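What follows is a short report on a single structure.
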Amino acid sequence: MSNHLFGHFLDRMPSRDRVLLHTADGPAMTYGGMLDLSGRIANLLLAQGVEPGDRVAVQTEKTIEALMIYLACVRAGAVYLPLNTAYTDHEVSYFLGDAEPKLVVLDPVRVETLASAVYETGASLLTLGEEGKGSLMLGSKEQVTQFEDVAREPDDLAAILYTSGTTGRSKGAMLTHENLASSARVLVDYWHFSQDDVLIHALPIFHTHGLFVATNTVLMAGASMIFLPCFDADEVLRMMERGTVLMGVPTFYTRLLQQPDLTRQATAGMRLFVSGSAPLRAETHAAFAERTGHAILERYGMTETNMNTSNPYDGPRIAGTVGLPLPGVELRVVDAETGAGLPDGQIGMIEVRGPNVFKGYWRMPEKTASEFREDGFFITGDLGRLDERGYLHIVGRGKDLVISGGYNVYPKEIETELDQLAWVSESAVIGVRHPDFGEAVVAVVVPSAGATPDEAATIDALAERLARYKLPKRVCFVDELPRNSMGKVQKNVLRERFASLLDG
Ligand code: MCA
Ligand code: AMP
């Protein structure tokens, strides 16, 4: 038996001397180098007592070494658990307590405040900082490069990615080797990836988009990538001279459009621009096509399901739609209450089934059961309709969720924190149109009796506990929240009232 996911990569791997990773300055790591370093780190994991199925939690900056930890985990049969670098100590402590990792890798700057939370879970701790500083790389230098990949079945776990929930408590989505392998296999084909491709990689590597959609597709194709630490429109535009594909969230494209140098000539060597994680406005699609001659290819996915649909590579890429179900993915639109199928054109709940769909939420069997239908379809929480060509239009969300610059923020989580503040009587958190992030978080707060409303103090208080991208861009104080006859807060009324608050 082989290691299911890594075996796929090995089967398609070009020669050892082919470059896998470039930085902005030039070639940085070959496929052989990747095998050697991920082999050393995999040996170190074993030396640290990591056994197949053990979780390895990682919160570090985006570096080549950090990416190698992911591959080392796959090879060692461990379950990789990446954490957004923006998460506060409070948030990280929850994930560690819930996932009970065997090993935690942290940026050295986080050790002072997080070490006790790590040791409380009984995990060991390694560090990885800038330029490979820290105990992870010191330890891996003492290991050999040879590593016999641990056998893993298609159904074994490869990763757990936390996603927040409408109840406010984050859930760990369990992704198997085959979930990741099947999705990458399909995307290589569907998006025509080859060994000649050079992906401009400017996404973070702690979420599905940057980690799996981008990296696994490159590895599955034997292609290469220019690995940038973060998105910088200037730098990404410069890299288009050397790249062939860009994957990004809509904010990447609105920011690129602000670059006067974004022209047909500047993008002439590029063959594909992919957008996902949040809705791409039809105006952005049109403006990009006008300036560059490229039709951005929009696709739709979720942490729980990897990629579900995509506009075609060869056929029409229709703005405002997320395209057709990917090969192997079954998709239907149903009545959200009854689960009964709806005719094309009608709006309903989007449900999916296929090898891409996750195994369930970590240690939450009831939650898992409630999000699947009896016939195995996963209830996405997204509302949509299929048109006469079979293209899916996402028209809204059945879940209370804000997507800001491609990051998901669940209002419930922010409201829970707000409601604990002494000067807050009650709160409602909504998403409001934002010129840069598409949508951004706004809090509407009823102050406690006698309290003096203070916007800055409210945001500062939340900042101690919540990642900065989740913080409300504005806090609006009101006398009361609008409610319907059942007493439920009417967020649609608030969304309308504050619709232009962030237009700038
Ligand atoms: C940064 N800030 C944000 C966001 N990003 N606020 C709201 N929403 C955001 N997305 C805040 C920072 O906290 C900071 O505030 C200020 O904005 C500037 O921060 P900076 O770091 O300079 O921002 P940036 O580097 O320009 O980042 C913007 C970004 C980034 C490039 C759009 O957010 C990004 O890389 N987003 C991609 C997210 C992603 O990968 N999503 C995929 C999820 P302050 O000054 O107060 O600190 S996977 C997924 O959704 C599914 C599976 C799918 O379909 O792909
Ligand atoms: P996440 O929990 O980060 O995996 O986010 C998944 C959610 O992002 C989906 O359920 C959708 O609501 C949203 N999403 C992803 N891609 C798109 C897209 N192309 N258009 C609209 N929404 C999207």
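Every read-out reported here was derived from the displayed coordinates using simple, explicitly stated rules and does not represent laboratory data. Every value quoted in this text rests on a predicted model; they were computed, and no experiment measured them. Positions of Cβ are generated from backbone atoms using ideal geometry, with glycine treated the same way; all protein chains shown enter the neighbour counts.
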Quiz item: What is the distance, in nm, between label points placed 7 Å from the Cα along the Cα-to-Cβ direction at Glu480 and at Asp314?
Solution: 6.2 nm
Quiz item: To the nearest 0.05, what FRET efficiency results for Glu337 and Val493 with a Förster distance of 30 Å applied to their C-beta separation?
Solution: 0.80
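Considering just Cα atoms, how many Å³ per residue does the convex hull of the stretch 295-409 enclose? Walk me through the intermediate numbers first.
Details: hull volume 13.0 nm³, N = 115.
Convex hull volume per residue, Cα atoms: 113 Å³.
If you wrap the stretch 30-75's Cα atoms in a convex hull and average its projection over all directions, what's the area in nm²?
Numbers: hull surface 12.6 nm².
Across all orientations, the stretch 30-75 yields a mean hull projection of 3.1 nm².
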Quiz item: Roughly speaking, what is the stretch gain from Glu112 to Glu130, that is 0.36 nm per residue apart minus the C-alpha to C-alpha distance, in nm to one decimal?
Solution: 4.8 nm
Practice problem: Extending each Cα 7 Å along its Cβ direction at Ala449 and Asp189, get the distance between those two points in nm, one decimal. | Solution: 6.7 nm
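Could you order peptides 68-76, 32-40 by the average number of other Cβ atoms within 10 Å of their residues, highest first? Don't jump to the answer; show the numbers that get you there.
Numbers: 68-76: 26.1, 32-40: 20.7.
So the order, starting with the most tightly packed, is 68-76, 32-40.
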Self-check item: Structure-based [θ]222 nm, the chain - -39500 (n - 2.57) summed over DSSP H runs of at least 4, per residue, nearest 500
Solution: -8500 deg cm²/dmol
Exercise. Take the Cα radius of gyration of the chain and divide it by 2.2 N^0.38 Å, with N its residue count; two decimals is plenty.
Key: 0.97
Practice problem: Hand me the tally of lysine pairs in the chain: alpha carbons under 16 angstrom apart, and the pair either on different chains or 8 or more positions apart. | Solution: 14
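Cβ under 13 Å from Arg389's Cβ, Arg389 left aside: what net charge do those residues give with Lys, Arg +1 and Asp, Glu -1? Mind showing how you got there, number by number?
Values: positive: Arg317, Arg385; negative: Asp344, Asp387, Glu388.
Taking every Cβ under 13 Å from that of Arg389, the sum is -1.
Which percent, nearest 5, of DSSP beta bridges in the stretch 1-157 are antiparallel?
Working: 4 of 17 bridges.
Among the beta bridges of the stretch 1-157, antiparallel pairing accounts for roughly 25 percent.
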Quiz item: For Glu142 and Val395, FRET efficiency with R0 = 56 Å and r from the beta-carbon atoms, rounded to 0.05?
Solution: 0.50
Quiz prompt | Gyration tensor (alpha-carbon) shape descriptor, the stretch 128-210, a/c threshold 1.5 | solution = rounded
